[in-house]
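Report on one structure; see the data block that follows.
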Amino acid sequence: MAKRKNKSKTAGVFTTILAFLAFIWRGISGAFGYVIRFIFRGAKDLDETHRRDGFAFLLLIFALLSAAGTWLAIDNLFGHAMHSFLFGAVGKLANIVPVIFLYLSYRIFRVPDKSKDTGRITIGALLLLISATALVHIFNGSVGTDSTAIRSGGGWVGYGVSKPLVALVTELLAIPILVILFIFGVLIITKTSVAQMMRNLISVFKFGGRGIGKVKAIRESRASKNAAQEFEINDTPPFETPLVQEFSTAAEEFSVEPEDFPVEPMMENTTPLTKSTTISSASTSKPRPQQLLLSSDTKYELPDPESLRTIPAGKGKTKANDAVIAALTQLFNQFEVDAEVTGFMRGPTVTRYEVELGSGVKVEAISALSKNIAYAVASADVRILSPIPGKSAIGVEIPNSDRELVALSDLLNSNVAFEEKHPLVVGLGKDVEGSVICANLAKMPHILIAGATGAGKSSCINSLVTSILMRSTPSEVRMILIDPKRVELAAYAGVPHLITPIVTNPKKAAEVLQWVVKEMEVRYDSLHAHGFRHIDDYNKAVKAGKVKALNDQDNAEPYPYLLVVVDELADLMMVAPRDVEDAVVRITQLARAAGIHLVIATQRPSVDVVTGLIKANVPSRLAFATASLADSRVILDQAGAEKLVG
């Protein structure tokens, strides 16, 4: 009985001690939790910039701590623990851990607004870590599990990845698999597709070993190189095709983010961008046009190519293509036509299927089935191309049910855009064969863009303007944007390329066009006075110091190209048809040699808007989907635009 009482008494004391310790622990943990919650509640009130900088400083501290355990090998408890942890985890790669933390810290300090890329970089870094540690472990020949073998190889991470992989597929296959994973991780981190990597590798050879890293430097230094590079337009036929294209397989659609441009707002009361006069939005009744010059203290840095959104490369074949091929084959069998689908070229919006005819089968046998083909593939927009240029086959062009996007960044980063140094080269898109198409606006030399509402005119104009901003400085190209609809071009307000704020009043727009006519005459007077026939020849002589200034100017300066964009011609023709038509005709007749080029867009291509005089003097036409055959004939003087896919 005494023993039981002693045991129960001991148990009671033990329980009391445990309860007391639990009470103390709850008090300490509660106080600690309250402090943490208080700190984090205060952290929520901090500015987003301070929180970002705090995280960057934390990574910098991690870099210093890891460097203390790897590079400095501090001889104390902390140094030994850090050394054992890092080398035990990733082996020899522990020496680059401080560099990784330093890079991440620098990146957050340098580009804090790109935090959305953190997930992508994390995934790529994990792939690099897994593949690199495994490769190091294999190449080091570390097969044991003792601490020396682990630290001299790829650490426990490398051991855990390489050991089962080698056991599964042997070392001969494990190495290339890990190399592929390593390359894929690099592509993810650098936000580069395989197609872009191939184009960059080709660029390395084309640029004579200057490498991918100099592509951006080539762009930014293009302005300084223009003094040595000539644009001999006057030596080429007047209406030589302005299109520039290459063959590729990527397929993507315009996706423009104008708000990403690093530009500063331009206010009417700020220092003017010209030495003499510019147009003001308030007074344009009697402008006195002078040579358009940038002030000496104006600097412009080309936007980062990454400011444009990129998207994955297009697919070469999808299930939708297989379904169309099966439908065409079944149709030919039903109508007993000896024809076969032998291949196809998939574009971003339309796929061209190649149909070869059997012996003795007429081409009309396929053309007559156009409505049946449209019914079979459930698409009203079917186009028969007989034959495909350069091939003994008939082309059946059918819109894709799974359309793909074309990114403007892919067009501007393509080889064809790099090889063309002219500041007025713009990205247009990709054709049905996946070829990148760019165009030189100076060779058009003026263009009419027309189509129904929603057909894509605004996207095209945005692409043209964005291409100029991405490739050219204000000293090379100046712009006048006329936007009666007030919303289409509003994103470009304040860009330094603009001579005047965006013109939205139709009456003011007519006056601005009259100003452009007078600016053209001033340029021609200057060319005539110095004996030149084209603005490029004049600029070449100015840069060589062979032109003396006129009108008491300090120094003769080269003329920039002047691009005038009219987003809706119909609105101007409703307000001042006579003045607008006279100005447009005058500009399109003479302005080419003066370096002035006109882009006109309209969603109402009727004869009272696109008059005969305007059509006769605008040689380049770009038609989007139209509502009727009559509109197509107004734009192109032939049918076809009414069958386009919007």
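Since every read-out is calculated from the coordinates, none of them should be taken as a lab result. No experiment lies behind these values; they were computed from the predicted model shown. Cβ atoms come from the backbone with ideal geometry, glycine included; neighbour counts cover every protein chain shown.
Packing, taken as the mean count of other beta carbons within 10 Å per residue, orders the peptides 613-620, 457-464 from highest to lowest as 457-464, 613-620. A Förster radius of 60 Å, combined with the Cβ-Cβ distance separating Ser367 from Val186, puts the computed FRET efficiency at roughly 0.75.
The label-point distance for Ala529 and Ser147, in a model that sets each label 7 Å from Cα toward Cβ, rounds to 8.6 nm. Using the Cβ-Cβ distance between Ile177 and Lys643 with R0 = 60 Å, the FRET efficiency computed as 1/(1 + (r/R0)^6) comes to roughly 0.75. Listed peptides 71-79, 327-335, 487-495 appear in the order 487-495, 327-335, 71-79 once ranked by packing, highest mean of other Cβ atoms within 10 Å at the front. Based on the Cβ-Cβ distance from Ala549 to Leu405, what FRET efficiency comes out when R0 is 60 Å, to the nearest 0.05? In this case the efficiency is close to 0.75. Each label was represented as a point 7 Å from its Cα along the Cα-to-Cβ direction; for Lys518 and Ile388 these points are 5.6 nm apart.
The slack between Val607 and Trp25, meaning 0.36 nm per residue of separation minus the straight C-alpha distance, is 200.7 nm. Relative to one another, the C-alpha centroids of segment 374-432 and segment 573-642 are positioned 24 Å apart.
Measuring from centroid to centroid over Cα atoms, what is the spacing of segment 453-478 and segment 346-367 in Å? Cα centroid to Cα centroid, the span is 36 Å. Approximating the spin labels as points 7 Å out from Cα along Cα→Cβ, the Glu419-to-Thr329 distance works out to 3.8 nm.
So for each of 446-454, 130-138 I average, over its residues, the number of other beta carbons within 10 Å; can you give me the resulting order with the highest mean first?
Final packing ranking: 130-138, 446-454.
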